[in-house]
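Before any comments, here is the structure.
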Amino acid sequence: MTAPYVESDIREIAATLGEEAKAFSRSTILLCGGAGFLGRYFTALFAHLNAHVLKHPCRVIVCDNLITSGRAGAKAPRLDGFRFLTHDIIKPLKITERIDYVIQAAGIASPYYYRKYPLETLEVATLGTKRVLELGVRHPLKGFLFFSSSEIYGDPDPRHVPTPESYRGNISCLGPRACYDESKRLGETLCAIFHELHGVPTRMVRPFNVYGPGMQETDYRVLPNFASRIIAGKPVQVYGSGKQTRTFCYVTDAITGFIKVLLRGSPGQAYNIGNPVPELSMLELARVLERVAGRKLDVRVVEYPDTYPADEPQRRCPDIAKAARQLGYKPAVSLEEGLKRFMAWASAVYTGTQF
Ligand SMILES: NC(=O)c1ccc[n+]([C@@H]2O[C@H](COP(=O)([O-])OP(=O)(O)OC[C@H]3O[C@@H](n4cnc5c(N)ncnc54)[C@H](O)[C@@H]3O)[C@@H](O)[C@H]2O)c1
């Protein structure tokens, strides 16, 4: 089976982090949601650091209940210093050894799945995050990273696009996306409170559409959908008007940013992590994929399927000045380059039979 990541991407992340990565020497990391798309990249990165960078290896406890991790996540790799637990983080997790870092990436990330599992979506971001934060009260952590989302901004007022961290959002607490948006907001509130009350060094990231090798074909986010249909030779389906915009951040740039926030972000604070250029509509995204594929694609605008939650934000683009200024964060992979890497991987892995 082809790996759910690309080895050269992992080397690139380690090279970009350079000396910073040495902070993980001799440390123990709890990685929640470790069987998911981003979790598998973190796993591969820590395995690479142990093999090639760290004098004293780190130990990693990977924890996931496998609710959306699919085939790629179900099979835990055999790696020295890694322990894989099938565990729902909503339930108490007993860890007797010392922990230095917590990465709380467990969540239900795709709109298709949060429509299917609304309560699980809400609970993992709130009760689940609280359970893991409680570990931070007992263990003197060096860093706690919570995966929030750019969705916490809802459908931003165009005057606030690109959107800075200070924008408070435009969200309905009763809308079909509320189980995700609102629970991520509450997850951030919990992180701020645990920092204030107990001194837990919490940091939050708000990722903006991260993509790359390892995304499951049945992830139902836009790029796996498009890729699966292109590989099958079927028309590419753009939902709604096709004018809604997004920006896309290749996974190497995103993981580099997440690690920088974990190690050096200001405690109790949130950081946008994404690539602000280009902000493009879904119809324009299909045209970029046409250039990457090197052939004309049949692109059709269709109605939203019933399985997709309504009220999708019209624009989404990060202002990353805070992470750039404080942490030296600078995405380096262009959209075309990232899509080339993603499509090369997907062509070897996707079956084209899912949609
Ligand atoms: N990838 C992105 O563009 C993006 C954007 C914004 C936010 N995020 C957030 O980043 C995190 C990781 O995203 P991803 O793209 O890797 O998603 P993913 O769905 O691939 O991975 C999430 C993992 O969390 C696990 N999980 C869910 N509920 C759990 C529970 N109760 N206990 C233990 N494990 C549980 C799932 O089984 C899955 O393996 C998520 O919290 C997501 O909301 C991601």
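No value in this document is a laboratory result; all are computed from the given coordinates. Owing to the predicted nature of the structure, the values given are computational and were not obtained by experimental measurement. Don't worry about glycine lacking a Cβ; one is built from the backbone with ideal geometry, like all the others, and counts go over all protein chains shown.
Observations on the structure shown:
- By the equivalent-ellipsoid construction on the alpha carbon gyration tensor, segment 90-209 comes out with semi-axes of 26, 17, 11 Å, ordered largest to smallest.
- Here's the picture: a label point sits 7 Å out from the Cα of TYR117 along the beta-carbon direction, and within segment 309-336 the residues with their amide nitrogen under 20 Å of it are 309-310.
- If the Kirkwood radius is taken over C-alpha pairs of segment 1-103, then at 10 °C and 1.306 mPa s the Stokes-Einstein diffusion coefficient equals 113 µm²/s.
- Here the gap between ASP157 and LEU197, fully extended at 0.36 nm per residue and compared with their Cα-Cα distance, gives a gain of 11.1 nm.
- With the simple model of a label 7 Å out from the Cα in the direction of the Cβ, GLU20 to ASP311 spans 3.5 nm.
- Filter on LYS22/LYS142; LYS55/LYS330; LYS116/LYS260; LYS184/LYS260; LYS116/LYS296; LYS55/LYS340 - keep pairs with C-alpha separation over 24 Å: LYS55/LYS330; LYS116/LYS260; LYS116/LYS296; LYS55/LYS340
- Estimated from helices alone, the mean residue ellipticity of the chain at 222 nm is -11500 deg cm²/dmol (sum of -39500 (n - 2.57) over DSSP H runs with n ≥ 4, per residue).
- J(HN,Hα) series, segment 318-332, from Karplus relation 6.51 cos²θ - 1.76 cosθ + 1.60, nearest Hz, glycine and proline x: x, 9, 9, 4, 5, 5, 5, 5, 7, 10, x, 6, 8, x, 10
- For the pair ALA321 and TYR304, label points projected 7 Å from Cα toward Cβ lie 3.2 nm apart.
- The ARG295 and ALA348 beta-carbon pair, evaluated with R₀ = 25 Å, returns a calculated FRET efficiency of approximately 0.85.
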